[in-house]
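So the structure is just underneath, and the comments pick up after that.
The values are calculated or read from the model by the stated rules, or taken from the named source; none is laboratory data. Computed from a prediction, not measured in an experiment: that's the story for all the values here. Virtual Cβ from ideal backbone geometry, glycine too; neighbours counted across all protein chains shown. Please note that ligands, DNA and RNA were not included when accessible areas were found on the heavy atoms of the full protein model with its side chains. Shrake-Rupley method; radii C 1.70, N 1.55, O 1.52, S 1.80 Å.
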Amino acid sequence: NAKNGLQENITILQNSDVEWLFYHSMFEEAVAGMRDRVPAIRGLICIDQAGTDSPTLETWCVGFEGKADALPESPDRLMGLYATGGTTGQPKGVCITNRSAETMVAAALASMPCDQPPINLIVAPVTHGAGAIAWPLFIQGATQLLMSNVDPESILQMIERHKVTHLFLPPTVIYLMLAHPKVRDYDYSSLKYFIYAAAPMSADKLRQAIDVFGPVMVQYYGQAEATLTCTFMSAQDHLEALKPGNEHRLLSCGKATPFAHLAIMDDEGNLLDPNAHGELVVRGSLVMEGYYKNPEATEASRVHGWHHTGDIAYIDDDGFVFIVDRKKDMIITGGFNVFPSEIEQVIWSHPAVQDCAVIGVPNDKWGEAVKAVIETVPGKTVDEKDIIALCKQKLGSVKAPKSVEVWETLPRSPVGKVLKKNIRSTFWQDQERAI
């Protein structure tokens, strides 16, 4: 991902034994910093013009005439190495086989049928979910439009101008679009699938998105290790969730796709009944082969014969999956388990809140105290007492934040996820233990 820090990309290149690196001339300086620190690299190719020590892609291709021979059919052949997000530690190389990739594509085609060649607007980095979405759309003859940076109004304009049918964005970018004063000035009637994923989305802002963009909101849940299509929440599922009595389903990430086997597991490896909370586990051909040259991490990820997602969830009687939180984000305060995402949903409903993160901070009495860190809507302010009162009203005193801070911006990863580990470290750096 070009938006990663230089050191993170060097680590990814070193860990994956990269030999050839293709880059754009705007990254000439970064590539110079990589060259000496990644000794396995034996070839650099600049895709748009001659680089300092590299030919252009066009020059390099001279002599490669005709078509390459088709590779033999090999479902278990390694198709690609994909870096994990790095939001909880050093990125690991995820080994995706032909079988896993084809399973993901098949699940996407089954859940998002299209009767015309798609026009897909790519804003998020193609190294993650936006790139995975592009694969099945290519099969349908898609036009792929790429934007080099996130600009809310430019995205709105592109949808109207190019009659975009497919769009994938993380919730943080959708929030920026919804907050734009001209969000209702453009025509979105061409949209068929507005896909959100990569992080939980505020139920209130999801209602607003459906109102603004139409009944086109859909959601996937997955991760690099089980690419993109573990679950799918259809546009119809969203409409059903708007009906009285079904509103809680706006917090769901949908049902298992046809090729993913999902279950909820406790720490002893027992599979749990519907509505019981535990770790979401998955198995099937969608799941990765393992982590590249990391047998310890591979073994840890598949204890008891299932891939462990690291997400706490439950599956209701109708098969809808609800992600409660990341296992490692759970707050233990005064002996109670508190899941930040539940509190974040309440805080997101406040009209002055653009985004938020709820974490546990050290506290002599409670062990951990619930704290909310908030980013406000541009031009608006929020009072700490109002946020605490809102949470007490909706959730009770145990789950309500004991304190609230307003930051100008929350730290985010290159794919738009709020980096809770960075926020948390601010409050735990002087502690002997981080729990």
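There is no residue in segment 92-108 that is free of Cβ contacts under 8 Å to residues at least 60 places away in the same chain and in a loop (DSSP other than H, G, I, E, B). Is at least one residue of segment 235-242 over 26 Å from residue 289 (Cβ atoms), open to solvent by 40 Å² or more (accessible area, probe 1.4 Å) and in a loop (DSSP other than H, G, I, E, B)? Looking for residues that are over 26 Å from residue 289 (Cβ atoms), open to solvent by 40 Å² or more (accessible area, probe 1.4 Å) and in a loop (DSSP other than H, G, I, E, B), one finds at least one in segment 235-242, hence yes.
To keep it simple, each residue is scored yes or no on (1) in contact with a His (Cβ under 8 Å, 6 or more places away or on another chain); (2) among the β-branched types (Val, Ile, Thr); (3) closer than 26 Å to residue 10 by Cβ; (4) surrounded by 20 or more Cβ atoms within 10 Å (Cβ to Cβ).
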{"site": "93", "(1), (2), (3), (4)": "no, no, yes, yes"}
{"site": "96", "(1), (2), (3), (4)": "no, yes, yes, yes"}
{"site": "103", "(1), (2), (3), (4)": "no, yes, no, yes"}
{"site": "110", "(1), (2), (3), (4)": "no, no, no, no"}
{"site": "119", "(1), (2), (3), (4)": "yes, yes, no, yes"}
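Within segment 64-76, at least one residue is farther than 25 Å from residue 417 by Cα, open to solvent by less than 70 Å² (accessible area, probe 1.4 Å) and modelled with pLDDT of 90 or more. Among the candidates 375, 405, the residue that is more than 21 Å from residue 199 (Cα to Cα), assigned to a strand (DSSP E or B) and either open to solvent by 40 Å² or more (accessible area, probe 1.4 Å) or in contact with a Leu (Cβ under 7 Å, 6 or more places away or on another chain) (or both) is uniquely 405.
Each residue in segment 347-372 was checked for being open to solvent by 10 Å² or more (accessible area, probe 1.4 Å) and within 15 Å of residue 422 (Cβ to Cβ), and 2 pass. Across segment 124-156, the qualifying residues are those that are under 19 Å from residue 113 (Cβ atoms) and among the β-branched types (Val, Ile, Thr), and the one among them that is nearest to the chain's Cα centre (by Cα) is 133.
When residues in segment 157-184 are screened for being over 17 Å from the mean Cα position of the chain (by Cα) and in a helix (DSSP H, G or I), 9 of them pass. Comparison of 361, 346, 324 shows that the only residue that is among the hydrophobic types (A, V, I, L, M, F, W, C), farther than 30 Å from residue 152 by Cα, in contact with a helix residue (DSSP H, G or I) (Cβ under 7 Å, 6 or more places away or on another chain) and not in a loop (DSSP other than H, G, I, E, B) is 361. Among the residues of segment 22-72, those that are part of a helix (DSSP H, G or I), closer than 14 Å to residue 10 by Cα and of a type in the set (A, V, I, L, M, F, W, C) comprise 27, 30, 31, 32, 34.
With the structure loaded, tell me whether residue 138 is free of Cβ contacts under 8 Å to residues at least 24 places away in the same chain and of a type in the set (Phe, Trp, Tyr) or whether it fails that test. So residue 138 passes the test.
Going through (1) surrounded by fewer than 19 Cβ atoms within 10 Å (Cβ to Cβ); (2) out of contact with any Asp or Glu (no Cβ under 6 Å at 6 or more places or on another chain) one by one, residue 220 falls short only on (1). Going by what's in this entry, would residue 167 be described as modelled with pLDDT of 95 or more, under 18 Å from residue 232 (Cα atoms) and of a type in the set (A, V, I, L, M)? Here the answer is yes, as residue 167 does meet what is asked. Residues of segment 109-132 that are in a helix (DSSP H, G or I), modelled with pLDDT under 95 and touching a helix residue (DSSP H, G or I) at 6+ places or on another chain (Cβ under 7 Å): 132 alone. Just one of the listed residues (305, 269, 319, 284) is at pLDDT 95 or above, buried (at least 18 other Cβ atoms within 10 Å of the Cβ) and out of contact with any Gly (no Cβ under 8 Å at 6 or more places or on another chain), and it is 284. When each of 253, 230 is tested for being part of a loop (DSSP other than H, G, I, E, B), open to solvent by less than 30 Å² (accessible area, probe 1.4 Å) and in contact (Cβ under 8 Å) with a residue 40 or more places away in the chain, the lone residue that passes is 253. Going by what's in this entry, would residue 34 be described as surrounded by 16 or more Cβ atoms within 10 Å (Cβ to Cβ), modelled with pLDDT of 90 or more and not aromatic (Phe, Trp, Tyr)? Yes; evaluated as a whole, the condition is true for this residue.
The number of residues in segment 287-297 being assigned to a helix (DSSP H, G or I) and within 19 Å of residue 230 (Cα to Cα) comes to 0. Every test in (1) at pLDDT below 90; (2) under 21 Å from residue 171 (Cα atoms); (3) assigned to a loop (DSSP other than H, G, I, E, B) is passed by residue 351 save one, and that test is (1).
Within segment 195-209, the residues that satisfy the criterion of being modelled with pLDDT of 95 or more and open to solvent by 20 Å² or more (accessible area, probe 1.4 Å) are 207, 208.
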